[in-house]
Amino acid sequence: MSSEEKTDKEGLIEFYSSFREMFEFFCNNTTIHGAIRLVCSRNNRMKTAFWLVLFLCSFGLMYWQFGLLFGQYFSYPVSISINVNSDKLLFPAVTVCTLNPYRYQAIQDDLDKLDRDTHETLLNLYGYNGTGIQGRVPTGRRRREAEAPLPYPLEKIPITDSHHRHIRSVTTNESDQMEVKRQDWNFGFKLCNETGGDCFFKTYSSGVDAIQEWYRFQYINILARVPKEGDIKEEQLENFMFACRFNEEHCLNDRNFSHFHHAIYGNCYTFNHNRSESETWNSSMPGMKNGLTLVLRTEQHDYIPLLSSVAGARVLVHGHKEPPFMDDAGFNIQPGVETSIGMKKERVNRLGGDYSDCSEDGKDVAVHNLYNSDYTQQVCVRSCFQAIMVQRCGCAYAFYPLPEGAEFCDYEKHPSWGHCYYKLDEKFSLHQLGCFAKCRKPCKLTDYQLNLGYSRWPTTVSEHWVLQTLSNSNTTKRNGVAKLNIYFEEMNYKNIEESATINMVMLLSLLGSQWSLWFGSSVLSVVEMVELVFDVVAISAMILATRYLTKTKESMEETGRAPTPDPSYGHREHPIPQNLHDAPSQSQFRVVADITPPPAYESLDLRSVGGGSSRNSSLRSHVSYRSEAPWREE
């Protein structure tokens, strides 16, 4: 066969003439195991059916496995790997508070009035006389009677049905007073909304807890009246710390400590906070000598003893750029005791995006950060609660940062804020405010595992000279000092890192394993399957298109098969009769003869009767035959 003939027969794109031919070619030439058996066994229907069922079952099982693999991949599972590294470690930030709340000069008179009312409450409940408890001589009775009592007084509440509580004030007559140690009484104060229709009792079974919470509630209202730059009686760093040593170096100076005031825990000092990495203190060796050692003054100056009845100091270990939340993670150290804290560092790296609900820097969290610090979940949660507090109660909680345009809660301006706050606090504890759902965990977190140890310090033998050396006087007592050691137990630290359990490379590997298991084929076999699907779609489209064009052509031909007769023939001859039921006339036969083509049989050729041999002569004879009407009638 010449090249020209091959070019005529073989086109650039050709398709099979039928589905049968296409499937036979595929089964004879594919690399998928078992497909050729469908063609080889076509003379045995039982074998053909067996291999067809086996092929379809293997195909279905393989894609069922594919579905499981894709489902597992899109569930985004993670694997946790723990690596132990050893390196020079940055020392964390350490915050130490005095546990002595100090008094603001701007609210000194309000605090004095609160103290007098508290002493009167203690006298009525316990018969305790608080005269001179805070170094002040109590005012006369005439002045106390002239003053208006504080709102929301502390009351004695019987333990009965919550819907039938009979409230008895602590200021009742002596004849009506009940013994406070009886188990059928609670203590608390009543809070109502703006209309007074919704009220509840903030109660405690312990009178000490009730008094402290009531004092704290009143103190918050007074604290809201302090100006932003309030004058506070604060002590110097040297008055709180006797000594500071880090890596055997002296560190007692203001450059190494940042100061802030906490309304409950007093003056707080943070070591190694918000410093650049080059200025941050670090440890190159483990052990107590290579850590931080502080000697603290823990003498209790009775400024506001009802807010803090604990002796010692408050300590918190946290990140360098994290705010210290003393209420949440802080712990107290005892006076007259040496507290040693051994640390182990852990770093957690979570996968973000689809693998974990974590935030890189908090910018993708729908909560405004009220703290000037890095993002943490606790920062977000507190900011969220403060935002809801301002929205629903109309004021901000005094112990959290103040949002822009808001003001702190005070019952002189917001009489029902206490009712609103305690309701929100209850919902917050039950995770009903949605803050924990909004505030995601940070993707990168540094945590410190602490191990605490205690020992008596100074000992009885060394007590005299140690205290004399520290204070240069004989007034300092053993219960007025405390020692704190914070150090790394080891330089090894754990790096906990999340990684994708099934990434794209592993997914392709698993898919290839399943394909090889069920069909014993490779990637090219997948391409063959894709080609088969393409051929089926292409042939099906061509068949549908051919059928559509055929139907369209037939409909057009049927429409054109009823031509109108030529009016010239009927006009020259006799007109067509109007009555269709009559016998066909001569003119009707002539019209049919004009439309119907002449026969082409040999028996009708004019040459058989001696006529001419040309087609023109036969046509002329046909015309003359039509004009001889008398002959036809015969």
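The values are calculated or read from the model by the stated rules, or taken from the named source; none is laboratory data. Everything numeric here is computed off the predicted structure, so don't read it as measured data. Here Cβ is always computed from backbone atoms with ideal geometry, including for glycine, and neighbour counts include all displayed protein chains. Please note that ligands, DNA and RNA were not included when accessible areas were found on the heavy atoms of the full protein model with its side chains. Shrake-Rupley method; radii C 1.70, N 1.55, O 1.52, S 1.80 Å.
Quick notes
- In Å², nearest 10: area of Ile159 left accessible to a 1.4 Å probe: 90 Å²
- Solvent exposure of the stretch 349-471 as accessible area per residue, Å², 1.4 Å probe: 56 Å²
- Accessible area (Å², 1.4 Å probe, nearest 10) - Arg225: 70 Å²
- In the complete set of protein chains, residue-level accessible area for Trp185 is approximately 30 Å², probe 1.4 angstrom.
- For Ala313, distant residues with modelled amide H under 5 Å away: Ile333
- Atom-type composition of the exposed protein surface of the stretch 444-536 places 60 percent of the accessible area on carbon and sulfur (1.4 angstrom probe).
- Of the listed residues His259, His273, the order by accessible area with a 1.4 Å probe, largest first, is His259, His273.
- Here r is the Cβ-Cβ distance between Ser86 and Tyr355 and R0 is 35 Å; the resulting FRET efficiency, rounded to 0.05, is 0.80.
- Added length on full extension, which subtracts the Cα-Cα distance from 0.36 nm per residue, Val78 to Ser513: 154.4 nm
- Taking θ as phi - 60° and the Karplus parameters 6.51, -1.76 and 1.60, the scalar couplings of the stretch 512-521 work out to x, 5, 5, 5, 5, 5, 8, 10, x, 10 Hz in sequence order, x denoting glycine and proline.
- Of all accessible heavy-atom area on the stretch 294-369, the percent that carbon and sulfur account for (1.4 Å): 43 percent
- Lys pairs, the stretch 354-465 - Cα-Cα below 17 angstrom, 8 or more residues apart or on other chains: 4
- Local net charge near Leu370, Cβ-Cβ under 12 Å (Lys/Arg +1, Asp/Glu -1): 0
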